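J.: What follows is a single structure, and I will ask about it in a moment.
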Amino acid sequence: MQPRPVHVLVFDSLADWEIGHTLAFLHSGQFQPGPPRYRVCAVGRSRAPVTTQGGLTIVPEVTLSELRPGDSALLLLPGGAAWDRGELDDVARLAREWAAAGVPVAAICGATAGLARVGLLDDRAHTSNAREYLAATGYAGGDHYRDAPAVTDRGVITANTTAPVDLARHVFAALGLFSEEVLAAWYGLFRTGEPHHYAALMRAASGG
């Protein structure tokens, strides 16, 4: 069986640090049982190269117009100033189609504002950079805001800009990437840096 694609939106000035943990462990296959079940696939408005905030050049593999919800295991939306300028609202509307089709959508930082503007967070528990940040979009979901690093509700994952590890944890859980023991140890290690979590991760990954 071919690995299913996890599509990650790429655009000029995307905040690459926010999705680093997620992409690295999806791509590497580290700590995953059996052959890889997922692969990372960069998607853009066109196939023209984009430059991230970190200065990396990425060439999209596919375009948004070529995708359908059934093509994806998950749609990953990194943050970036383009969201606040309203330049990616069409992508947020696409994400709404993904969620309606039962395909997980994960958004961090500015991407959460994009989801708010298209109504995807009006009736879902969610988080973002701050309650006031989302309120500025004029959305109707303020009562469902949670002061948490990351939140998952009915297939929609949201995270704040300081929580790339939490974003990854929720994505891995949504995809069933790791066993519960591996995921708990992985999160403990990368969230705290405490050595005993590394030992627990090695034991869990080896089946011990």
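J.: Please go through region 6-20 and give me each residue that is surrounded by fewer than 21 Cβ atoms within 10 Å (Cβ to Cβ) and part of a helix (DSSP H, G or I), ordered by number.
T.: Asp16, Trp17, Gly20
J.: Got at least one residue in region 88-99 being in a loop (DSSP other than H, G, I, E, B) and at positive phi?
T.: Pass one, region 88-99, residues in a loop (DSSP other than H, G, I, E, B): 88.
If we keep only those that are at positive phi as well, we get none.
No, every residue in region 88-99 fails to be in a loop (DSSP other than H, G, I, E, B) and at positive phi.
J.: If you don't mind, another one. Please work out if Ala159 is more than 22 Å from Leu74 (Cα to Cα) and either open to solvent by less than 30 Å² (accessible area, probe 1.4 Å) or among the hydrophobic types (A, V, I, L, M, F, W, C) (or both). Walk me through it before giving the result.
T.: Working: more than 22 Å from Leu74 (Cα to Cα): no; either open to solvent by less than 30 Å² (accessible area, probe 1.4 Å) or among the hydrophobic types (A, V, I, L, M, F, W, C) (or both): yes.
So Ala159 fails the test.
J.: Determine, yes or no, whether Ala106 is of a type in the set (A, V, I, L, M, F, W, C), assigned to a strand (DSSP E or B) and within 16 Å of the chain's Cα centre (by Cα). Even if it seems obvious, please write down each step before you answer.
T.: Numbers: of a type in the set (A, V, I, L, M, F, W, C): yes; assigned to a strand (DSSP E or B): yes; within 16 Å of the chain's Cα centre (by Cα): yes.
Considered against the rule, which asks whether it is of a type in the set (A, V, I, L, M, F, W, C), assigned to a strand (DSSP E or B) and within 16 Å of the chain's Cα centre (by Cα), Ala106 comes out as yes.
J.: Whether any residue in region 59-72 is touching a residue at least 24 places away in the same chain (Cβ under 8 Å) and open to solvent by 90 Å² or more (accessible area, probe 1.4 Å) is what I want to check. Give the steps one after another, and end with the answer.
T.: Going residue by residue through region 59-72, those that are touching a residue at least 24 places away in the same chain (Cβ under 8 Å) are 60, 62, 64, 67, 69-72.
Right, trim to open to solvent by 90 Å² or more (accessible area, probe 1.4 Å) and you get none.
The answer is no; no qualifying residue exists.
J.: Give Tyr145, Tyr139 a once-over and let me know the one that is at pLDDT 95 or above, more than 20 Å from Leu88 (Cα to Cα) and crowded, with 19+ Cβ neighbours inside 10 Å.
T.: Tyr145
J.: Still on this structure, please answer the following. Hey, among the residues in region 167-184 that are open to solvent by less than 10 Å² (accessible area, probe 1.4 Å) and outside any loop (DSSP other than H, G, I, E, B), which one's nearest to Gly114 (Cα to Cα)? Let's see the steps before the verdict.
T.: Initially, region 167-184 is screened for residues open to solvent by less than 10 Å² (accessible area, probe 1.4 Å), giving 167-168, 171-172, 177, 182.
Then drop every residue that is not outside any loop (DSSP other than H, G, I, E, B), which leaves 167-168, 171-172, 182.
Details: Leu167: 17, Ala168: 20, Val171: 19, Phe172: 22, Val182: 32 Å.
The selected residue is Leu167.
J.: On to the next question. What are the residues in region 40-55 that are touching a strand residue (DSSP E or B) at 6+ places or on another chain (Cβ under 9 Å), surrounded by fewer than 18 Cβ atoms within 10 Å (Cβ to Cβ) and either modelled with pLDDT under 95 or not in a strand (DSSP E or B) (or both), if any?
T.: Arg45, Ser46, Arg47, Pro49, listed by residue number.
The values are calculated or read from the model by the stated rules, or taken from the named source; none is laboratory data. What you see is a predicted model, and the numbers here were worked out from it, not measured in a lab. When we count neighbours, we look across all protein chains shown, and the Cβ atoms used for this are built from the backbone with ideal geometry, even at glycine. Please note that ligands, DNA and RNA were not included when accessible areas were found on the heavy atoms of the full protein model with its side chains. Shrake-Rupley method; radii C 1.70, N 1.55, O 1.52, S 1.80 Å.
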